[in-house]
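Peer 1: Let me begin by handing over the structure; questions about it come next.
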Amino acid sequence: MAQDQEPVRQRLLGEATRLFAERGFESTSVQEIVAAAGVTKGAMYHYFDSKDDLLHEIYGRVLRLQTERLNQFADSPGPVTERLHGAAADVVRTTVENLDDSKIFFRSMHLLAPDTRKSVRAERRIYHERFRDLVTEGQREGVFRTDVPADIVVDFFFGSVHHLGTWYSPEGPLSGAELGAHFADLLLTSLRPEKEA
């Protein structure tokens, strides 16, 4: 039974993502989403409590993927420089691969109900703190500069990542993986202690 129902949930998410990208979150009604997905409102409310929940899940599925992958990089053996480089390149690549989801979310996050918005910020903070821990580890080991606080490094880097939806085009000259490698190179170069720079 669960397998029969799962495609309905995916259809709802797929159509909500498409409609939010085309028309905007505010301009898309629940009725339009369920009509596009070919289900009833009752079916939608079986999976999602509200349109807010749909938006939250659109972002949440990307964040869960990125968190899982960040943990793999962070927990892997090897120098912290390699692990941070891999994590930084990966978050750019996965953002580009899910660009509509990211664009919709950052364009519409302020429209979420206060409790949902608070929950999303808490989830994202956990991700950023895990990423920051890699920077802090490198600073402790002396391979990263210590004159810039790790929190500032992370905020600066993710400010650039979150801005990707405003300019990146899949039809452009760089793939997500290539762009990720450039972003990661820039991050690691900026973290190099001055005597090595």
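The values are calculated or read from the model by the stated rules, or taken from the named source; none is laboratory data. Keep in mind it's a predicted model, so treat the numbers as computed, not measured. Counting neighbours? That spans all protein chains shown, and the Cβs are built from the backbone with ideal geometry, glycine included. Heads up: the accessible areas ignore ligands, DNA and RNA and are worked out on the full protein's heavy atoms, side chains in. Shrake-Rupley method; radii C 1.70, N 1.55, O 1.52, S 1.80 Å.
Peer 1: Restricting attention to region 137-182, report how many residues are aromatic (F, W, Y) and farther than 21 Å from I126 by Cβ.
Peer 2: Taking region 137-182 first, the residues aromatic (F, W, Y) are 144, 156-158, 167-168.
Still in the list and also farther than 21 Å from I126 by Cβ: 144, 167-168.
Of the residues in that region, 3 qualify.
Peer 1: Next question, about the same structure. If I filter region 106-145 down to residues being among the β-branched types (V, I, T) and touching a residue at least 40 places away in the same chain (Cβ under 8 Å), which single residue comes out as surrounded by the fewest Cβ atoms within 10 Å (Cβ to Cβ)?
Peer 2: Out of the qualifying residues, it is I126.
Peer 1: Among the numbered criteria (1) surrounded by 15 or more Cβ atoms within 10 Å (Cβ to Cβ); (2) without any contact (Cβ under 8 Å) to a residue 12 or more places away in the chain; (3) farther than 30 Å from S50 by Cβ, which single criterion is violated by H85?
Peer 2: Among (1) surrounded by 15 or more Cβ atoms within 10 Å (Cβ to Cβ); (2) without any contact (Cβ under 8 Å) to a residue 12 or more places away in the chain; (3) farther than 30 Å from S50 by Cβ, H85 violates only (2).
Peer 1: I want to confirm something. Restricting to region 121-159 and keeping residues that are at pLDDT below 95 and small (G, A, S), which single residue is nearest to R61 (Cα to Cα)?
Peer 2: A122
Peer 1: Looking at region 35-53, is at least one residue within 19 Å of the chain's Cα centre (by Cα) and part of a helix (DSSP H, G or I)?
Peer 2: For region 35-53, residues within 19 Å of the chain's Cα centre (by Cα) and part of a helix (DSSP H, G or I): present.
Peer 1: Looking at P193 and the list (1) open to solvent by less than 20 Å² (accessible area, probe 1.4 Å); (2) at pLDDT 95 or above; (3) outside any helix (DSSP H, G or I), which single condition is not satisfied?
Peer 2: Of the numbered conditions (1) open to solvent by less than 20 Å² (accessible area, probe 1.4 Å); (2) at pLDDT 95 or above; (3) outside any helix (DSSP H, G or I), the odd one out for P193 is (2).
Peer 1: Is it the case that some residue within region 21-32 is at pLDDT below 90 and of a type in the set (G, A, S)?
Peer 2: yes
Peer 1: If I filter region 146-167 down to residues being open to solvent by less than 50 Å² (accessible area, probe 1.4 Å) and of a type in the set (F, W, Y), which single residue comes out as farthest from E68 (Cα to Cα)?
Peer 2: Filtering region 146-167 for residues that are open to solvent by less than 50 Å² (accessible area, probe 1.4 Å) and of a type in the set (F, W, Y), the one farthest from E68 (Cα to Cα) comes out as F157.
Peer 1: Do the conditions hold for G24, that is, is it open to solvent by 50 Å² or more (accessible area, probe 1.4 Å), touching a residue at least 12 places away in the same chain (Cβ under 8 Å) and of a type in the set (G, A, S)? First the steps, then the outcome.
Peer 2: Values: open to solvent by 50 Å² or more (accessible area, probe 1.4 Å): no; touching a residue at least 12 places away in the same chain (Cβ under 8 Å): yes; of a type in the set (G, A, S): yes.
For G24, the condition - open to solvent by 50 Å² or more (accessible area, probe 1.4 Å), touching a residue at least 12 places away in the same chain (Cβ under 8 Å) and of a type in the set (G, A, S) - is not met.
Peer 1: State whether one or more residues within region 125-143 are closer than 17 Å to E82 by Cβ and in a loop (DSSP other than H, G, I, E, B).
Peer 2: yes
Peer 1: With (1) under 19 Å from V96 (Cα atoms); (2) assigned to a helix (DSSP H, G or I) as the list, and K118 as the residue in question, which single condition is left unmet?
Peer 2: Among (1) under 19 Å from V96 (Cα atoms); (2) assigned to a helix (DSSP H, G or I), the lone unmet condition for K118 is (1).
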